[in-house]
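Working notes for the structure below.
The values are calculated or read from the model by the stated rules, or taken from the named source; none is laboratory data. Keep in mind it's a predicted model, so treat the numbers as computed, not measured. Glycine also receives a Cβ, built like all others from the backbone with ideal geometry; neighbour counts cover every protein chain displayed.
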Amino acid sequence: MPTKPRFLPLVPVIAMAVTLALSSCGQNQQGAMPKAGPAEVGVVTLQPQRAAITRELPARVSAFTVAEIRPQVGGIILKRLFTEGSEVKRGQVLYQINPETYQAAYQTAAANPAKAQANLTAAELKAKRYSELVEIKAISKQDNDDAQSALLQARASVASSKADLETARINLSYTRIVSPVSGRIGKSSVTAGALVTANQATALATVQQLSTVYVDMTQSSAEMTRLRRDFANGALKGAGSKAQVKLILEDGSEYSKPGVLEFADVTVDASTGMVTLRAVFPNPAGELLPGMFVRARLEQGVRDNALLVPQQAVSRTPKGEPTVMVVGADNKVAARVIKASQTVGDKWLVDGGLKSGERVVVEGLQKIQEGAVVKVAPAKPAASAAH
């Protein structure tokens with residue numbers, strides 16, 4: 001019986017051929033891939049510029065003037081003549097003390113000068129007669145001396161009675177307790193019917209002038225010493241006759257009116273090593289209240305040739321040193337450790353490690369590493385980059 005010819009199945013053969021073809025095609029495509037070019041980065045070229053050097057310091061608000069109201073004579077309070085929490089004017093009557101005893105003392109004192117003046121007139125006439133009689137030896141010298149002494153005593157009595165009258169008048173006026181300053185008055189510690197004494201320890205009320213306020217800041221003595229050294233060697237220049245101060249309120253908003261630095265304390269707090277600085281701020285709307293915590297942005301000087309680097313260009317080493325990536329003349333990237341003492345707006349103020357004309361990478365830092373060749377383009381402005 002003749003043997004039938006055997007034929008190989010076509011499907012496995014075709015599949016093998018397709019696989020070889022695809023493999024060959026893939027090798028050709030890999031061999032044809034173009035080599036990647038240098039990464040593009042955005043840089044800023046450092047140029048010296050004038051920069052205002054500021055510090056943000058913790059601070060508290062205090063009243064410009066504080067007057068604690070205390071009685072200067074004793075007695076019973078008849079009336080309270082103000083509304084707690086209201087504005088009062090200088091000289092406005094706040095309390096009325098019962099004036100009856102002081103009125104009587106004043107009337108008594110008012111009668112004494114007339115009596116003393118009458119005694120003085122009689123003493124003057126007697127002294128004049130005796131001075132004439134002693135010249136003709138009609139009286140003894142002792143009698144004349146007594147008459148002259150009586151005249152001096154009479155004159156002293158007149159002066160004393162006038163002083164007593166003035167004292168009585170002042171004490172009577174003190175029964176009307178007035179505000180020594182204009183400002184806002186707080187709560188009253190007494191009511192009508194209360195007994196008060198002269199110069200007592202407890203104030204009846206407190207008046208605070210708030211149209212202008214003080215803002216007291218604290219700064220370390222070490223930082224103040226460094227600033228003075230910078231001024232001495234010319235690194236910093238004065239910002240003007242009086243430094244300007246701005247306030248950041250507790251909610252993060254900026255107070256609308258600037259203040260001026262008045263003075264720096266002459267002593268250092270031994271427990272904290274801090275120096276107190278005081279600024280004066282207008283407060284027409286009463287937004288700033290005594291005791292309020294704020295942050296004061298103090299302009300401490302001007303640097304004419306400052307080098308400023310955008311904050312996004314600066315990173316930190318494991319040791320905490322600030323570094324930037326600098327593009328050299330051959331477009332190679334190199335890491336550079338810098339000295340950055342503080343921020344000025346959205347930039348770091350560079351004290352060392354960079355010089356004018358160098359190019360610092362701001363954009364594309366994640367695409368590069370030290371030694372890489374890059375394609376350089378100017379960095380976009382911060383406002384554009386944000387969009």
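So that you can scan it fast, the table gives a plain yes or no per residue for (1) small (G, A, S); (2) more than 30 Å from V350 (Cα to Cα); (3) outside any strand (DSSP E or B):
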{"position": "V44", "(1), (2), (3)": "no, no, no"}
{"position": "E56", "(1), (2), (3)": "no, no, no"}
{"position": "V61", "(1), (2), (3)": "no, yes, no"}
{"position": "F64", "(1), (2), (3)": "no, yes, no"}
{"position": "P71", "(1), (2), (3)": "no, yes, yes"}
{"position": "I77", "(1), (2), (3)": "no, yes, no"}
{"position": "E84", "(1), (2), (3)": "no, yes, yes"}
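Considering only the stretch 184-223, state which residues are hydroxyl-bearing (S, T, Y) and not in a loop (DSSP other than H, G, I, E, B). Hits for the stretch 184-223 are T206, S211, T212, Y214, T218, S220, S221. Every condition in (1) within 27 Å of A201 (Cβ to Cβ); (2) β-branched (V, I, T); (3) in contact with a helix residue (DSSP H, G or I) (Cβ under 6 Å, 6 or more places away or on another chain); (4) without any contact (Cβ under 8 Å) to a residue 24 or more places away in the chain holds for I170 except the one numbered (3).
The residues of the stretch 283-294 that are buried (at least 16 other Cβ atoms within 10 Å of the Cβ) and assigned to a strand (DSSP E or B) amount to a single one, V294. Filtered by the rule that a residue be surrounded by 20 or more Cβ atoms within 10 Å (Cβ to Cβ) and closer than 14 Å to A111 by Cβ, the stretch 162-175 gives a lone residue, A168. Under the condition of being at pLDDT below 90, on the phi < 0 side of the Ramachandran plot, assigned to a loop (DSSP other than H, G, I, E, B) and within 41 Å of the chain's Cα centre (by Cα), the residues counted in the stretch 357-387 number 4.
Rundown of residues vs (1) of a type in the set (K, R); (2) in contact (Cβ under 8 Å) with a residue 12 or more places away in the chain; (3) closer than 27 Å to V190 by Cα, yes/no style:
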| site | (1), (2), (3) |
| --- | --- |
| E87 | no, yes, yes |
| A122 | no, yes, no |
| K128 | yes, no, no |
| V134 | no, no, no |
| K141 | yes, no, no |
| N144 | no, yes, no |
| L151 | no, yes, no |
| A154 | no, yes, no |
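Looking at K126, K137, K115, just one residue is over 30 Å from K347 (Cβ atoms) and either surrounded by fewer than 12 Cβ atoms within 10 Å (Cβ to Cβ) or touching a His at 6+ places or on another chain (Cβ under 7 Å) (or both), and that residue is K137.
Looking at the stretch 129-183 only, could you name the residues that are assigned to a loop (DSSP other than H, G, I, E, B) and either of a type outside the set (S, T, N, Q) or out of contact with any strand residue (DSSP E or B) (no Cβ under 8 Å at 6 or more places or on another chain) (or both)?
Residues satisfying the conditions are I136, K137, A138, I139, S140, Y174, P180, V181.
Of the candidates A270, A201, A222, the single residue that is within 20 Å of V66 (Cβ to Cβ), among the aliphatic types (A, V, I, L, M) and at pLDDT 75 or above is A201.
Pairs meeting the criteria (first residue in the stretch 174-191 and under 18 Å from K79 (Cβ atoms), second residue small (G, A, S), beta carbons under 6 Å, at least 6 apart or on different chains) are V178/G91; I185/A205; S188/A205.
Quickly run through the stretch 250-269 and pick out the residues that are farther than 19 Å from E223 by Cα and not β-branched (V, I, T). Of everything in the stretch 250-269, those that are farther than 19 Å from E223 by Cα and not β-branched (V, I, T) turn out to be E250, D251, G252, S253, E254, Y255, S256, K257, P258, G259. Among the residues of the stretch 270-295, those that are within 16 Å of T218 (Cα to Cα) and without any contact (Cβ under 8 Å) to a residue 12 or more places away in the chain comprise A270, S271. Quick check: is even one residue across the stretch 354-369 more than 23 Å from D304 (Cα to Cα) and among the charged types (D, E, K, R)? Yes, that holds for at least one residue.
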